[in-house]
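As structure tokens, the structure follows; a few thoughts come after it.
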Amino acid sequence: MSELTMSLIIAGGAFVVVVYIYSKWQEYRARKSVDRAFSGGHDDVLMNARDDAELVRQEPQFDQDELSDMNEGENSNTPSTDPVIGTKPDFDATMYGKELSVDDLIDCVIPLEFEAPIRGEKLLKEVSDLKYVGRKPVHFIGLTHDGKRDEIAHGGIYTALFAGVQIVSRSGPLNELEYSEFVSKLREIADRLNAHSDVPDMNRVMSNARELHQFVAEHDAQLSVNVLSNGAPWDITTLLGALEKQGFDVRPDGRLVMPDGDVGNLFTLSTNVSASETVTSKLTLLLDVPCVSPDLEGFGVMAKCARSLASRLGGTVVDDGNNPISDQALAEIADQVREFCNAMAVAEIPAGSRRAKRLFS
């Protein structure tokens, strides 16, 4: 082996060692930067949102120089005059102060009247296999012996059954095939229960579904803000662990969810990298606007979270094009979110309600 060949081998080996050491040094820096960001001395009420009832139930308390205009004009927004979707329900889904699983505004409801009262155990057994037609969920409630509509339960006695198939979801409106399947299976149930039903005209049902779908399409708003690193990327493992300790729930797909303090989610956070990656330079916070109650001020809390992360991690709050977002722009978006929620309330589909969460699922 010549001296030249030997020299090249030694040089190549040295280069590999240098690259390896540099890579490990970068990982060490990324880990240390996150460790420093979430070490003691940072009092950030937002990062403790899960345990802070006031944070999720009241207007967030921003610094005087941060989004000072967000609360101004809260009561001066003029509600949208969008018409109420569909016809007035024959019965209220929240009748007697209880929210029911069958909702005449977003479901096609078909009543089945019995010749004699039937126990809840039998009804639950008969309807247990009919949960979906296509991708549309199906629900049932009963009419109790004293004339009240309620969820079907063991031990209850019912004189009628109300079957409801959801006519719209994010996947689209109810179609003729799904409706035909719903009616066919419902007739089989009616035969077994010796009940008679009044089936709505398909054309009218399809028309209502298309009308409601138009509303869903116009109000399917998801808002995001991003935090972009100003320097070295952040270590994923350390970052996820720190965020989980601060109140985020880590999902199997790598997304982090900030709970709303009840049973829902306020917003999500994504690292924008696959599970095999060890570092990231960008975090994305996403708010599903129609699924979050305006009382929780979801966008304001999410914006404050983004600013807090940017401050701690040495980053900048940016839009999807990596352009910095000013506090004024965030305040304007917050006002638009309020107007958006007002419009949903006028349409009797309040943001964050069970009705809205079903539609925007």
Could you please find all residues in the stretch 147-192 being aliphatic (A, V, I, L, M), closer than 21 Å to Pro117 by Cβ and surrounded by fewer than 17 Cβ atoms within 10 Å (Cβ to Cβ)? Ala153, Ile157
Test Asn342 against the stated conditions and say whether it is open to solvent by 40 Å² or more (accessible area, probe 1.4 Å) and in a helix (DSSP H, G or I). yes
Glu277 being open to solvent by 30 Å² or more (accessible area, probe 1.4 Å) and in contact (Cβ under 8 Å) with a residue 40 or more places away in the chain: yes
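Residue-wise test of (1) under 23 Å from the mean Cα position of the chain (by Cα); (2) among the acidic types (Asp, Glu).
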position	(1), (2)
Val199	no, no
Gly231	no, no
Asp235	no, yes
Asp249	yes, yes
Arg255	yes, no
Asn272	yes, no
Leu286	yes, no
Pro290	yes, no
May I ask you to list pairs of residues, at least six apart or on different chains, whose Cβ atoms are under 8 Å apart, with the first in the stretch 199-222 being open to solvent by 90 Å² or more (accessible area, probe 1.4 Å) and the second being acidic (Asp, Glu) and at pLDDT 95 or above? Gln222/Asp288
Qualifying positions in the stretch 280-302 - in a helix (DSSP H, G or I) and more than 19 Å from Leu240 (Cα to Cα): Val289, Pro290, Cys291, Pro294, Asp295, Leu296, Gly298, Phe299, Gly300, Val301
Considering only the stretch 117-136, how many residues are in contact (Cβ under 8 Å) with a residue 60 or more places away in the chain and among the aliphatic types (A, V, I, L, M)? 3
Which listed residue, of Asp319, Asp327, is farther than 24 Å from Gly247 by Cβ and among the acidic types (Asp, Glu): Asp319
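Based on what the data block shows, is Ala195 at pLDDT 95 or above and either over 29 Å from Leu269 (Cα atoms) or surrounded by fewer than 19 Cβ atoms within 10 Å (Cβ to Cβ) (or both)? I'd like the intermediate steps shown before the answer.
Numbers: at pLDDT 95 or above: yes; either over 29 Å from Leu269 (Cα atoms) or surrounded by fewer than 19 Cβ atoms within 10 Å (Cβ to Cβ) (or both): yes.
So Ala195 fits the description; yes.
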Are there any pairs with C-beta distances below 7 angstrom linking a residue in the stretch 286-314 that is open to solvent by 20 Å² or more (accessible area, probe 1.4 Å) to a residue that is outside any helix (DSSP H, G or I) and of a type in the set (Val, Ile, Thr), with the two at least 6 apart or on different chains, and if so which? Leu286/Thr268; Arg307/Val317
Restricting attention to the stretch 159-212, the residues that are in contact with a helix residue (DSSP H, G or I) (Cβ under 8 Å, 6 or more places away or on another chain), closer than 20 Å to Val127 by Cα and hydroxyl-bearing (Ser, Thr, Tyr) number exactly 3
For the condition at pLDDT 95 or above, in a helix (DSSP H, G or I) and over 27 Å from Ala217 (Cα atoms), what is the one hit in Glu126, Glu178? Glu126
Looking at Thr271, is it modelled with pLDDT of 90 or more, out of contact with any Leu (no Cβ under 7 Å at 6 or more places or on another chain) and under 18 Å from Leu313 (Cα atoms)? no
Can you tell me which of (1) in a strand (DSSP E or B); (2) without any contact (Cβ under 8 Å) to a residue 40 or more places away in the chain; (3) not basic (Lys, Arg) is the one Asn272 doesn't meet? (1)
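The values are calculated or read from the model by the stated rules, or taken from the named source; none is laboratory data. As the structure is a prediction and not an experimental result, all values here were calculated from the model. All Cβ positions, glycine included, derive from the backbone under ideal geometry; neighbour counts span all protein chains shown. Side chains are part of the model used for accessible areas, which takes the heavy atoms of the whole protein and leaves out ligands, DNA and RNA. Shrake-Rupley method; radii C 1.70, N 1.55, O 1.52, S 1.80 Å.
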